[in-house]
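The values are calculated or read from the model by the stated rules, or taken from the named source; none is laboratory data. Everything numeric in this text was worked out from a predicted model, so none of it was measured. As a convention, Cβ positions derive from the backbone with ideal geometry for all residues, glycine included, and neighbour counts pool all protein chains shown.
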């Protein structure tokens, strides 16, 4: 790629793309050493597709504060989904337990650390 790049004008669109790739070569080639790295962002795009389809709905949040609240809730819901946690059960359980949880243990209520309590509220979905 470096040889082919040297043959091109620095103003050529392909040359700019090649420069971009060459300056990030170490990050780009990381997938060769770590099989967990996907070559595409298709999984991320699929995860966001449902949210993107409803974007016109977000225009009707009622106010800036309403939009901020909707964004916060969407963030919580998507975080739960990305951690294979049922968002409704997680939020119901967290809201029921948060007042009685010591500040030093709040991290246990985060979606990626959450374990449903043995209470009926955690099992309701």
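For the range 1-47, a residue qualifies if it is touching a residue at least 12 places away in the same chain (Cβ under 8 Å) and closer than 23 Å to residue 81 by Cβ, and exactly one does: 47.
Check whether at least one residue in the range 45-52 is over 30 Å from residue 25 (Cβ atoms) and surrounded by 12 or more Cβ atoms within 10 Å (Cβ to Cβ), and report yes or no. Among the residues of the range 45-52, at least one is over 30 Å from residue 25 (Cβ atoms) and surrounded by 12 or more Cβ atoms within 10 Å (Cβ to Cβ), which makes the answer yes. Just to be sure I understand, how many residues within the range 13-32 are in contact with a helix residue (DSSP H, G or I) (Cβ under 9 Å, 6 or more places away or on another chain) and either at pLDDT below 90 or not in a helix (DSSP H, G or I) (or both)? Within the range 13-32, residues that are in contact with a helix residue (DSSP H, G or I) (Cβ under 9 Å, 6 or more places away or on another chain) and either at pLDDT below 90 or not in a helix (DSSP H, G or I) (or both) number 1.
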